[in-house]
Amino acid sequence: MKTIASFTVNHDKLEKGMYVSRIDGDVVTYDIRMKKPNQGDYLGNGELHTIEHLFATYARNSAFSDSVIYVGPMGCRTGFYLLLRDSVSPEDAILLVKESFAFISLFEGEIPGSKRWECGNYLEHDLPAAQKTAADMLHVLRDWKKEDTEYEA
């Protein structure tokens, strides 16, 4: 079997940030790396779940909602994938991610989709941890540009 593209990236060199993982036709997959891989510091399950609910809710209610294909966590718990139509420029994708993290970092109230009938694991959320990670990512992405979205060779 062929090795999939995401497994060809040297995870020992990968830093926190936002990268273009792959392009398939008109769909761009962004790697939103929130934790440095293989360092023993991973997104907690409740934190990951809360980021998923808030990130997806924000992105799907943004000006780019019609171009959002998917927002979801990586199994390794070091980040998220964001799939967008290529009609969203890299600059706008970066802006969307920054706006999403700003939303998460300041969010108060009931987490969208967190009622028993709306979610398969409605009790496992950690808003304070999600807010802390989102604030950290705002710092990481503060000056992020299109040129920064390429993986280091």
On a 0 to 90° scale, report how tilted helix 90-106 is relative to the longest principal axis of the chain, with both axes built from alpha carbons and the result rounded to the nearest 10.
30
Principal-axis tilt of helix 127-140 within the chain, Cα atoms, nearest 10 degrees
30
Report the gain in length on full extension from Glu91 to Asn45: 0.36 nm times residue separation, minus Cα-Cα distance, nm rounded to one decimal.
13.6 nm
Given the peptides 140-152, 101-113, 69-81, arrange them by the average over their residues of other C-beta atoms within 10 Å, most packed first.
69-81, 101-113, 140-152
Rounded to the nearest 0.05, what FRET efficiency do Ser6 and Asp148 have when you use their Cβ-Cβ distance and R0 = 25 Å?
0.85
Compute the long axis of helix 45-59 from its Cα atoms, compare it with the longest principal axis of the Cα atoms of the chain, and write down the angle in degrees, 0 to 90, nearest 10.
80
Reachable lysines from Lys13, Cα under 26 Å, same-chain residues fewer than 8 places away excluded?
Lys2, Lys35, Lys36, Lys98, Lys132, Lys145, Lys146
How big is the gap, in Å, between the Cα center of region 30-70 and the Cα center of region 120-143?
8
Report the charge-dipole magnitude of the chain in Debye, nearest 20, computed about the Cα centre from +1 at each Lys and Arg Cβ and -1 at each Asp and Glu Cβ.
260
Please give the calculated 222 nm ellipticity per residue for the chain, where each DSSP H segment of at least 4 residues contributes -39500 (n - 2.57) and the sum is spread over every residue; nearest 500 deg cm²/dmol?
-10000 deg cm²/dmol
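Read the figures in this text as sums done on the coordinates, not as results from a lab. Bear in mind that the values here come from a model prediction, so they are computed numbers and not experimental data. Because the Cβ atoms are built from the backbone with ideal geometry, glycine has one as well, and the counts that use them run over all protein chains shown.
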